[in-house]
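The values are calculated or read from the model by the stated rules, or taken from the named source; none is laboratory data. In this text, all values refer to a predicted model and were calculated from it rather than measured experimentally. Using ideal geometry, Cβ is built from the backbone for each residue, glycine included, and neighbour counts are taken over all protein chains shown.
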Amino acid sequence: MKILLIEGDYITKFAPLGLMRISSMHKSKGDEVKYIKGIQKFNFKPDKIYLTTLFTYQYKEVIRTLRYYKKKYPKVEFWVGGILAST
């Protein structure tokens, strides 16, 4: 299974802990995992996508990123989590 982990394109010092835990879980199952920030072009067709949200004041960037990948991969299972997603 191919897993795509996405963090919004905002400034942070560390990768999100939640995505790193998801990465470890999938890698332990033998899945191929790719981690990116924001909107990027790449040759990777995921089976599942996880998008994390951090700051509520960065909602425009997160929504733009979410819409881009939902349009690019309309049939892929998509999970969104984090502070913004739960408010």
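The set of residues in the stretch 31-50 being over 11 Å from Ile3 (Cα atoms) and loosely packed, with under 14 Cβ neighbours inside 10 Å consists of Gln40, Lys41, Phe42, Asn43. Restricting attention to the stretch 1-30, the residues that are modelled with pLDDT of 90 or more, among the basic types (Lys, Arg) and loosely packed, with under 15 Cβ neighbours inside 10 Å add up to 3.
In the chain, counting only strands (runs of 3 or more DSSP E) that sit wholly within it, the ones holding 2 or more residues that are at negative phi and aromatic (Phe, Trp, Tyr) span 77-82. Give me the residue from the stretch 51-87 that is among the charged types (D, E, K, R) and exposed (fewer than 15 other Cβ atoms within 10 Å of the Cβ) and, out of that set, nearest to Ser23 (Cα to Cα). Once the filter is applied, the top-ranked residue is Glu77. Under 6 Å between Cβ atoms, at least 6 apart or on separate chains: pull out the pairs that start in the stretch 30-50 with a residue that is in contact (Cβ under 8 Å) with a residue 40 or more places away in the chain and closer than 13 Å to Met20 by Cα and end on any residue that is surrounded by fewer than 14 Cβ atoms within 10 Å (Cβ to Cβ) and not acidic (Asp, Glu). As it stands, the answer is Tyr50/Trp79, since those pairs meet every condition given.
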